[in-house]
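First the structure, in the form of C-alpha cells, and then the observations on it.
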Amino acid sequence: MQWLRKERASFRQFHSKQSVDQLAPQRSSIRHSSRASNAQLELAPTLFSDPVSVDNQPMAPLENVRLKVFRAVAEHLNFHKAAEQLFLTQPAVTLQIKALESDLGVRLFDRAGGKVTLTRQGAVLLTYANKLAATASEAERELGCKDSKIIGELSLGVSTTIAQYVLSRLLNAFFVENPLIDLTLHSGNTSEIVRLLLSSKISVGLIEGPARDRGVHTEPFMEDELVPIAPVDTPFDALSGNEFVREKLLIREHGSGSRHVVETALKKAGYPLKAFKKVVVLDSTEAIKSAVEVCHGIGFVSRWAISKELELGTLKVVQVKGVKATRHFSVVTRAGPEPQGPAGALRTFALERARFLSNPPTNPRQSRSFNR
C-alpha cells in the first residue's frame with residue numbers, strides 16, 4: 001500500500017499550507033509535552049485527518065492516538081499487520097504500545113513463542129477502547145455535518161482485484177472531495193470481505209463477486225470483464241471449444257469473486273472444469289499472469305489487471321468460442337438503513353462517480369484480429 005501512503009502524505013502537505021499558523025500552537029504543545037515520544041510525533045500527522053476548521057478554529061481528532069494503535073494491534077494480534085493497517089512503521093507501533101503500558105502501569109500484551117496475545121487487562125481495555133472509538137467517531141460525524149464536512153474514520157474492505165488495480169484511482173479522487181476522512185483498509189477475497197462486514201470489522205466493502213448472504217446489501221458501481229489471456233508468442237488469437245479444453249486452465253481459489261464468475265461463465269458455455277486436461281488453482285491475479293507467461297496455458301483475469309502487460313507485449317487477450325465472463329464491481333453494506341458519515345460518503349461516491357474515472361485497457365492486437 002505504498003501508493004496510499006504517498007498520496008495521503010502529499011495531499012496532507014498541500015492542505016497543511018493553508019493552516020500552518022493555526023496548527024503552530026498545537027504542534028508546540030505536543031513538542032514540549034513531557035509525555036511526547038518520537039513515535040507519537042510520527043503518528044500525529046499520519047493516523048488522523050487534518051483538523052477541521054470551524055470559525056477558523058482547529059478541531060483536533062477525538063480518539064487518543066495510543067488507543068487507536070492499541071485497537072489495531074489487538075485486532076490483528078500482530079504488530080506488523082497493525083503497522084500496515086495504520087500506514088506506520090512497526091517500531092512506531094511498538095513504541096506507542098510500550099508508552100501506553102507505561103502510562104497505565106499494566107501489561108496489555110503477552111509476547112511469547114512468536115505469538116501475541118491479550119492479557120486480562122488488555123481485554124478489559126479493548127472493550128472500553130472500542131466504545132470510546134465509536135463515541136468519538138459519532139461525535140466527529142455530528143460536528144462535521146454542522147460545517148457541511150464529513151469527518152471521521154472509514155473502515156473499508158476491498159477484494160483483491162479492486163485493491164490492486166482500481167482502488168488507487170478511486171481513492172485519489174475520493175480524498176480530493178473528502179480530505180478529512182481517515183482510512184483503515186482491509187483486503188481479501190470476496191468471501192473474506194463479506195465476513196468482515198458481518199462481524200462489524202468494516203463499515204463498507206468493495207467486492208468483485210456476488211455476496212450470497214441475506215445480511216448484506218450489494219449495489220453495482222463499475223462494470224468489469226474477465227478475459228482469457230495467453231503468452232504473446234502463442235500462435236493463436238482464438239480457440240475453438242476442443243482446442244480450449246486441451247489447454248491448461250489457470251483460475252483463482254474458492255471464495256474468490258473472480259473464480260465464481262469465471263466458473264459460471266465456463267459452465268454456461270459448456271466447459272465444466274472437469275472437461276479440461278489440467279486445472280491449476282492460484283491465489284492471486286498476479287500469480288495467474290506470471291504462470292501464463294512462464295508456464296503457458298490460459299488464465300482469466302480482469303481487464304483492469306493487464307494494462308502493463310499489454311503495453312509491454314508480454315501477454316495478449318485471446319477469444320474463446322462462446323465464453324463471455326462479465327461482472328460488476330459492487331459496494332456492499334450491511335442490510336438495513338443506508339450508511340451515514342464516511343461509509344455513506346464512500347458508497348455515494350462509488351455509485352455516482354466511480355464508473356467515470358477511467359476505462360479499462362483494450363488489446364489492439366485482438367481488435368485487429370477479430371475485425372477481419
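Looking at this structure, is Thr161 in a helix (DSSP H, G or I), surrounded by 21 or more Cβ atoms within 10 Å (Cβ to Cβ) and hydroxyl-bearing (Ser, Thr, Tyr)?
Working: in a helix (DSSP H, G or I): yes; surrounded by 21 or more Cβ atoms within 10 Å (Cβ to Cβ): yes; hydroxyl-bearing (Ser, Thr, Tyr): yes.
Yes: the conditions hold for Thr161.
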Legend entry - Members of segment 190-207 that are assigned to a loop (DSSP other than H, G, I, E, B) and in contact with an Asp or Glu (Cβ under 9 Å, 6 or more places away or on another chain): Lys201, Ser203
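Taking the options Ser168, Ser159, Ser191, name whichever one is under 19 Å from Ala343 (Cβ atoms) and touching a residue at least 24 places away in the same chain (Cβ under 8 Å).
Ser159
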Inset, instruction - With the checklist (1) under 20 Å from Ser256 (Cβ atoms); (2) not in a strand (DSSP E or B) in hand, flag the one item Phe174 doesn't pass. - result: (1)
Legend entry - Failed condition for Pro220, given (1) under 30 Å from Glu153 (Cβ atoms); (2) crowded, with 16+ Cβ neighbours inside 10 Å: (2)
Legend entry - Odd one out for Thr89, checked against (1) modelled with pLDDT under 90; (2) surrounded by fewer than 18 Cβ atoms within 10 Å (Cβ to Cβ); (3) under 30 Å from Ala163 (Cα atoms): (1)
Legend entry - Any hit, segment 208-216, residues being touching a Pro at 6+ places or on another chain (Cβ under 9 Å) and not in a loop (DSSP other than H, G, I, E, B): no
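The values are calculated or read from the model by the stated rules, or taken from the named source; none is laboratory data. Because the structure is a prediction, the values reported are computed rather than measured. Don't worry about glycine lacking a Cβ; one is built from the backbone with ideal geometry, like all the others, and counts go over all protein chains shown.
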